[in-house]
Amino acid sequence: MINPQTNQPNRLRRRGIQRLLIFWFLIPAAMNLTASAQASTSTTQDYILWYRNYDSPAIRALVNLALSETPEYGAYQLVRSEELSQGRVLRELAQGKTGLIDIANLATSPDREENLTAIPIPVDGGLLGFRVCVVLPAKLHLFENIHTLDDLKSSGIRIGQGTHWPDTQILKSNRIEVVTHPRYEILFGMLRNNRFDCFARGVSEVLYDLQIESDPDLIIEPNLLLAYPMPSYFFVGSRDVEMAQRLQLGMERAVYDGKFAEFLKQYYARAVNLLHLERRHIIVLKNPLLTEESRNIGRSTLENLRRRLETLATKP
């Protein structure tokens, strides 16, 4: 981890930041931090952000926040990547410096943490692991009597997910039927064509998804909440040390000065309110795909779900 006061990089040690971020909505504001400035450059550095993250107002805002907190690294500009699949993004980041991608926000897994460099701060406070179903109105009756994991497994409901998403293996390991495709956009068409019954989307992303799709035939099922520990991190290439240092230092500063807490409330409190998470039947799934460090973050997030919902479920 990088010490915000000395700005001397260690090897992105995670344990301190895990303790700091277990309850993101309680992060205290206003710590006066200083950092010894690195030599800045007069040129503007382009950082290529995965197009799906770039197109997300929340994720793009958080990357900008982290970069703006580190002016000693120089001026920057975010650039939208080509429309790469998640599998392609993973390959490009692993290869390093291909000119196609620099930064991606992805759900974590042991392979990703081993082959790439993770910035181990859950970008949405862990909400990506809380999933609701996007469905067709004609399929709502399938969900009426589902209250437990056994109910879900015996219902025959098929859940759509991306081929390379960690969610796919999580659902399968919990013996839930999954239908996949490598392209996120194609999955909405598959849902419309009855290839599966539920497109499980994270609480932090589903409202934006439906805004972009702009299809009145796609609705959010009102009663279920799938929950599993799955932190979502920023990832960069394994050899992109300076980029990793800048992002982690920027995120840590944003935590300390309270701007990260403001970001979480601004972009995600509305979703918690509108989706009425506190009224839903919570079905907790096991996630066998986490390192011990990420499992600690995810476990604490799930254990405090009720408290977090009560904190955010306030009037707009």
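Taken together, the values in this text are just the output of simple stated rules run on the coordinates, not laboratory data. Only a predicted model underlies this, so the values are computations on that prediction, with no experimental measurement involved. Quick reminder, even Gly has a Cβ in these numbers, built from the backbone with ideal geometry, and neighbours come from all protein chains shown.
Based on the Cα gyration tensor of the range 201-257, what are the three equivalent ellipsoid semi-axes, each the root of five times an eigenvalue, rounded to whole Å and given largest first?
On the way: eigenvalues 222, 42, 31 Å².
The equivalent ellipsoid of the range 201-257 has semi-axes of 33, 14, 12 Å.
Using a simple spin-label model with points 7 Å from Cα along the Cα→Cβ vector, what separation in nm is obtained for S154 and A61?
Result: 4.4 nm between the two label points.
Compute the relative contact order of the range 119-273 as a whole-number percentage, counting only Cα pairs closer than 8 Å that sit 6 or more residues apart in sequence. Kindly include the intermediate steps, with their values, before the conclusion.
Values: 201 pairs, mean separation 60.2, N = 155.
Computed value for the range 119-273: 39 percent relative contact order.
Per residue of the range 153-168, in order, report the coupling 6.51 cos²θ - 1.76 cosθ + 1.60 (Karplus, θ = phi - 60°) as ³J(HN,Hα) in whole Hz, putting x for Gly and Pro.
After applying 6.51 cos²θ - 1.76 cosθ + 1.60, I find 5, 7, 6, x, 5, 9, 10, x, 8, x, 4, 9, 6, x, 3, 4 Hz.
What is the distance, in nm, between label points placed 7 Å from the Cα along the Cα-to-Cβ direction at H276 and at Q211?
The modelled label-to-label distance comes out at 2.2 nm.
Which whole-number percent gives the relative contact order of the range 61-155, counting Cα pairs below 8 Å spaced six or more residues apart? The partial results should precede the final answer.
On the way: 23 pairs, mean separation 15.5, N = 95.
That works out to 16 percent.
If I model a spin label as a point 7 Å beyond the Cα along the Cα-Cβ vector, how far apart are those points for A75 and R239 in nm?
Spacing of the two 7 Å Cα→Cβ label points: 2.9 nm.
In whole Hz, what ³J(HN,Hα) sequence does the range 44-51 give by Karplus (6.51, -1.76, 1.60; θ = phi - 60°), x for Gly and Pro?
Along the range 44-51, the couplings run 8, 8, 8, 10, 8, 9, 3, 4 Hz.
Using a simple charge model, +1 on the beta-carbon of Lys and Arg, -1 on the beta-carbon of Asp and Glu, nothing else, what dipole does the range 57-126 show about its Cα centre, in debye to the nearest 20? Spell out each step's value before the answer.
Details: 6 positive and 10 negative charges, 36 e Å.
For this selection, approximately 180 debye.
Based only on Cα atoms, what Rg/Rh ratio does the range 159-298 have, Rh being taken as Kirkwood's radius? Don't jump to the answer; show the numbers that get you there.
Values: Rg = 17.1 Å, Rh = 17.3 Å.
We get a ratio of 0.98 for the range 159-298.
Determine the dipole magnitude for the range 111-191: charges of +1 sit on the beta-carbon of Lys and Arg, -1 on that of Asp and Glu, nothing else is charged, the reference point is the Cα centre, and the result goes in debye to the nearest 20. Show your work: numbers first, answer last.
Working: 8 positive and 10 negative charges, 50 e Å.
Computed charge dipole of the range 111-191: roughly 240 debye.
Among L106, L90, which comes first, second and so on when ranked by fewest other beta-carbon atoms within 10 Å? Please report the intermediate quantities before stating the final value.
Details: L106 24, L90 21.
Ordered from fewest to most neighbouring Cβ atoms within 10 Å, L106, L90 come out as L90, L106.
Between S68 and E114, what is 0.36 nm times their sequence separation minus the Cα-Cα distance? Round to one decimal in nm.
Extending this stretch completely gives an extra 13.8 nm.
Quote the charge dipole size of the range 48-200 about the Cα centre in Debye, to the nearest 20; the model charges only the Cβ of Lys and Arg (+1) and of Asp and Glu (-1). Before the final figure, lay out the partial values.
Numbers: 16 positive and 18 negative charges, 101 e Å.
My answer is approximately 480 debye.
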